[in-house]
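Peer 1: One structure coming up, written as structure tokens, with questions to follow.
Taken together, the values in this text are just the output of simple stated rules run on the coordinates, not laboratory data. Computed from a prediction, not measured in an experiment: that's the story for all the values here. Here the Cβ positions follow ideal geometry from the backbone for every residue, glycine too, while neighbour counts run over all protein chains shown.
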Amino acid sequence: MEKMTRVSTINGRTMFCHLDAPANAISVCRDATQVVVAGRNIFKIYGLEEDGFVERLNLRVGRKPSLNFSCADVMWHQMEENLLATAATNGAVVTWNLSRPCRNKQEQLFTEHKRTVNKVCFHPTEVNMLLSGSQDGFMKCFDLRKKESVSTFSGQSESVRDVQFSMKDYFTFAASFENGNVQLWDIRRPDRYERMFTAHTGPVFCCDWHPEDRGWLATGGRDKMVKVWDMSTNRVKEIYCVQTFASVARVKWRPERRYHLATCSMMVDHNIYVWDVRRPFIPFATFEEHKDVTTGIVWRHQHDPYFLLSGSKDSTLYQHMFKDASRPVDRANPEGLCFGLFGDLAFAAKESLMSAPASAGDVGRKTYPGGDRRYPIFFFKKPDVTEQFAQVSSALSVFESEADSSAGMDWFINTAQSYLLSGKPFAELCEHNAHVAKSLNRPQESTTWTMLRIMFSEPANPSLSTNHNLNKSGNLPLVNSFSMKEMSGALNERNKENRQDNIHSLETNLNNNDENEETEGSEGQAEYLFVDDELDDDELYSMEHDNQPAEESEYLLPQEAFPLRHEIMDHPSAPEPLQEKQESPHVSGSEAESMCLTPMESFSLISVSQQLFSPHLPPKFFCPIVKEMLCYYAEQGDVQMAVSVLIVLGDRIRKEIDELMQEHWYMSYIDLLQRFELWNVSNEVIKLSTCGAIMCLNQASTTLHINCSNCKRPMSNKGWICDRCHQCASVCAVCHHVVKGLFVWCQGCSHGGHLEHVMEWLKQSKHCPAGCGHLCEYT
Amino acid sequence: MIICTKNMDYRLGSQCQFVQNQVIVNSEKERASLLCMKALANRGRLDKVSQQMASHPQYLESFLRTQHYILYMDGPLPLPYRHYIAIMAAARHHCRYLVSLHSAQFLRVGGDPLWLQGLEAAPARLRHLDHINKVLAHQPWLTARSHIQALLKTGEQCWSLAELVQAVVLLAHCHSLCSFVFGSGSDSDITTTPRVHHGTPPGCCLCDAANGNTALSPPSSGPMEKMLRRRSLDSSCDVGCLREQIHKSQDEIKERKGDRLHSQTLLHSDVEEEEEAMFSTDPSRFVTDPEFGYQEFARREEDHFQVLRVQDYSWEDHGFSLVNRLYSDIGHLLDERFRNVASLPFPHSPDLKRAIWNYIHCIYGIRYDDYDYGEVNRLLERGLKLYIKAVACYPDSSKTPLCPLSWTPVKASEKVHVNLLVMEARLQAELLYALRAITQYMIA
């Protein structure tokens, strides 16, 4: 009842006023009508009116104020409304009495601390008791009726950063220290602390007793954490921990909200956060008004949770209204996605989002026969009436991959192992890789390789040498005939209309000579085919790689549209190939498996096309198309293809593609390779890459673990001295220096040294350089 | 074949012995000897600095760790950059010792030898750093937001915040190390330190030269080169002789500086191990505006340079959080250094220690509200004050002669202790100014 009336008397809005100087601390009087602001160059009292702050009193008097006015902390007595205390940076503790008739309200001056006083604290119920904590490591308790401190508490450690009287236990106070400790003291026993525990790594800047829960203490430290400790038990227990964004300068429990506390930071972060300690990952509310670090926060009234006052280094004093706070939760994205160890996929999303596509998921199951089983698991949080946190209930779906999922990736492993990326002429590499792709039943890739070979082969010997080759061996034309067959196969499987369309559009394009539009046009078509076959579900779970192989084997048709398109594109002025293709289905459709084709057909295609383009088209001409093709593969998730082509083409294409993109592809491919434990291939890729960032991967983690040659134990740390026997390990037997490069040693007598030294030595002598008499041999 | 001549004494072992003899006084010191041996084995040499610090093993450990971290461990700057920045910083104080040390290391980590011709030859990005280097070295209170802004301004040659922080830490570290080097007198007798061959693989150059493997490097062209070769061959002969030889060739070096650099660029950097001693690269090449030096902070006060009040911007509260955020873990390492130096046992009263520390900070315009500066005059005798000031502000052996400084401590370790205090206080002062400027930049 009393609370209610009080709350209703406080009105206001979010408002601020400019101060003359940066504030270090603020404090309110008990009836919440006035606030005192203290800093190095400011010490003022402001009245809190409904529509603004009104300056009431300037306590900083005198022409040249002494350092006693330079305040590190200030506190307004909660019992006696005319009494204030400040902690001065020069080590003085000053009390002020507002009822003094003269301008100077200073009442008492205690100069017992040798160093800066960081904190002063009045006893919540005892009028004359004041506590201070200083940089010199001492806490002092003052009786305001006396001229000197009544007791001194020595923390026996570094600086005291904060002292707080317990709200409930009359005799208890907590002190936090720069070395990370928190001590609990009984005010009657200055000789020894009651309890001590390490709360943080690094300084504990602040602590605050819970206003209602007897044993709860919140601490904030430089390690960016806020921790809540339960002191009521025998052992101090950490019950909550909030990880904030920067070192925590102040922490204050929110009145009337058991689990809420406000924090502000000492550096970098200027915002004030209100946390629900049970939801430590996202702030409950944020006040973002200040332009520099917030130095003081205080809830305006000890029973009103809606008003927060704050002072800042940006020389402003704010009253924040809770209703105006921003709620990060509203902007947060409650979706999550994660792959499991065995290719399972977990996906969590808002229920509202998940309920709609649930049906699509069912359809998806049909699309992937024998594919995934779904385990939707729903987590419900019991709604808590007092908690205003936005209720987010997420649905978690787990997609389990088939047991033979690894078999599904066999193509990847086989391809990775069999592809040749270097060491042969370009044309042969392409051929080889086309073979590989073909044999792994990946016709699209195979065709692509063949296309690449045709596009980028040496322009110097186009028709002649090719023809020559054709005559000499069946090798080259055979490859080409594969591609032919694939094309024809693709065409064969296509439905009639599509082919007609395609050809029509091609023909028109031949007239227009407009490549780009053509490209897009045909791509659109292909895409359409995709969508048609795979349903929307694919969009939802497109991350799921494991299904792709299955798709690929099942839906050959749409994929093949692409190389075909390139093929046609590449020979814009060749009507004959088109003719060929229209005929080819009859040939290859019947013999899907046979490798041999009537050579005549391929001959005609190749000779015609090559003769046509080679004199006129430099390889550069194809770069845009190849680039597009690479991007396409990468987007489809087949970075293997993209990277392999990139490496094989090398300088021919490298400059056309964005460095970052290349790097990204490389990284993805290498990552995949390493997951499949294809170390050799991954190393080869790294070696062959041209990106600086990739190449340096090879130089990472080149650690070699060695044993000491004297005591035969592992060398525990870096360096060349054994920790145990204090001898230099691996000393060269010839020159007696530590060997840091190549070390060679005899397997007979285990002596050795620098490779060159041992080599040289054994040219001269047959005996071991160490003089052990062993007849070493170097081969 | 001179693979194991009798001159090839067991240098490494003997130096270990030397270290042991030097530092093992009681069992506690064993730690120091181990540390030194580790450092020695690691780098093939035990530098003067570490030898001096060995009288305070717990400090030495954290010092080496920090130094290793900023020069070799994770960080945004490439390794040659780091050493080049170190060269720039040391050159501000004409510290030949550090300049030559880092020049060699610069080459060893694959730096472009051309850069060593001077600041003009370095990339523009590094040249931009010159201004803040100059200011931090001599008048750190001038460091302003605008400097940071200019460096971070987007453009081709811009710095990222993380890179800049690492650079600033490096600069401050090297500036303060110059003070230590100067204070301990390591700079003057740079060439007298007995050396072992080191690096990867140690002794290689010696044997390579002996085995005629030097075919790797282009055939020698100048007398300088020949001299180098000769030194490589007989480097194990006695130190005095060596020194004489160097003295003789000193003039020659100066004459042929240009030539020499040219040949350096041709030389394989691996073969240059032995040359390290010869890397008496002239520091002034890396310095612009050599007249810019320390000026009394007090005299400048009317030019509205506000003192930095520790109560408003301190290492513990502010500096640490910022530097650790932008360059992870360095905060903890530096913190450990400051703590270690603060907790070193001091034979006199802790008041004296605080007086020294605060006096150094006072020289650099940093004030403590809670300190009575009358104490400084009361506790520090004039000789000590002069010494501290010389070491902190004018650690330039080419200009300031160390000998006339009248302060003579009772024990050598005491002097080292004072030097350490100067170094750490100076490091913190520079860091505070630089980090405050970065904070101001981030707020604006």
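Peer 1: Of the cross-linked pairs A:Lys146/A:Lys227; A:Lys438/A:Lys687; A:Lys313/A:Lys350; A:Lys146/A:Lys313, which ones have a Cα-Cα span greater than 29 Å in the structure shown? Provide the component values of the computation, followed by the final result.
Peer 2: Numbers: A:Lys146/A:Lys227 37 Å; A:Lys438/A:Lys687 26 Å; A:Lys313/A:Lys350 40 Å; A:Lys146/A:Lys313 35 Å.
Among A:Lys146/A:Lys227; A:Lys438/A:Lys687; A:Lys313/A:Lys350; A:Lys146/A:Lys313, the Cα-Cα distance tops 29 Å for A:Lys146/A:Lys227; A:Lys313/A:Lys350; A:Lys146/A:Lys313.
Peer 1: Restricting attention to the alpha-carbon atoms of the stretch A:23-331, what are Rg (one decimal) and Dmax (integer), both in Å?
Peer 2: When restricted to the Cα atoms of the stretch A:23-331, Rg and Dmax are 18.1, 56 Å.
Peer 1: Within 10 Å of each residue's Cβ, count the other Cβ atoms and sort B:Tyr84, B:Tyr441 from fewest upward.
Peer 2: On the way: B:Tyr84 27, B:Tyr441 18.
Exposure proxy ranking, most exposed first: B:Tyr441, B:Tyr84.
Peer 1: Among A:Leu261, A:Val182, A:Ser247, which residue has its Cα positioned farthest towards the positive end of the charge dipole of the stretch A:172-331, with +1 placed on the Cβ of Lys and Arg, -1 on the Cβ of Asp and Glu, and the dipole taken about the Cα centre?
Peer 2: The Cα lying farthest towards the positive end belongs to A:Val182.
Peer 1: Something else about it: Using modelled amide H (1.01 Å from N, peptide plane; none on Pro or chain starts), what sits under 5 Å from the amide H of A:Gly137, excluding residues fewer than 5 places away?
Peer 2: Here the answer is A:Val160, since their amide H atoms fall under 5 Å of that of A:Gly137.
Peer 1: Oh, and also: State, to one decimal in nm, how far the label point of A:Lys147 lies from the label point of A:Ser418, with both points 7 Å from Cα in the Cβ direction.
Peer 2: 10.0 nm
Peer 1: Is there a quick way to get the dipole size of the stretch A:134-276? I mean about its Cα centre, with the Cβ of Lys and Arg at +1 and of Asp and Glu at -1; what is the value in debye to the nearest 20? Show your work: numbers first, answer last.
Peer 2: Working: 21 positive and 19 negative charges, 49 e Å.
Here the size comes out at about 240 debye.
Peer 1: Using each residue's phi in the stretch B:132-147, evaluate 6.51 cos²θ - 1.76 cosθ + 1.60 at θ = phi - 60° and report the 3J(HN,Hα) Karplus result to the nearest Hz, with x for Gly and Pro.
Peer 2: 5, 4, 4, 5, 4, 5, 10, 9, x, 5, 7, 4, 10, 3, 5, 4
Peer 1: Here is a further query. Counting other beta carbons within 10 Å of each Cβ, put A:Tyr170, A:Tyr669 in order, fewest first. Numbers along the way, then the final one.
Peer 2: Values: A:Tyr170 14, A:Tyr669 27.
By the 10 Å Cβ count, ascending: A:Tyr170, A:Tyr669.
Peer 1: So what's the stretch A:1-148 giving for Rg/Rh, alpha carbon basis, Kirkwood Rh from the mean inverse pair distance?
Peer 2: Details: Rg = 15.7 Å, Rh = 15.9 Å.
Ratio value, two decimals: 0.98.
Peer 1: For the pair A:Val127/B:Lys153, report the inter-label distance in nm, with labels modelled 7 Å from Cα in the Cβ direction.
Peer 2: 6.4 nm
Peer 1: What ranking do A:Ser310, A:Ser644, A:Ser439 get, fewest neighbouring Cβ atoms within 10 angstrom at the top? Before the final figure, lay out the partial values.
Peer 2: On the way: A:Ser310 24, A:Ser644 28, A:Ser439 12.
Result, fewest neighbours first: A:Ser439, A:Ser310, A:Ser644.
Peer 1: Using a simple spin-label model with points 7 Å from Cα along the Cα→Cβ vector, what separation in nm is obtained for B:Asp289 and A:Phe197?
Peer 2: 5.5 nm
Peer 1: I'd like the FRET efficiency for A:Ser326 and B:Glu375, computed as 1/(1 + (r/R0)^6) with the beta carbon distance as r and R0 of 51 Å, rounded to 0.05.
Peer 2: Values: r = 50 Å, r/R0 = 0.98.
With a Förster radius of 51 Å, E is 0.55.
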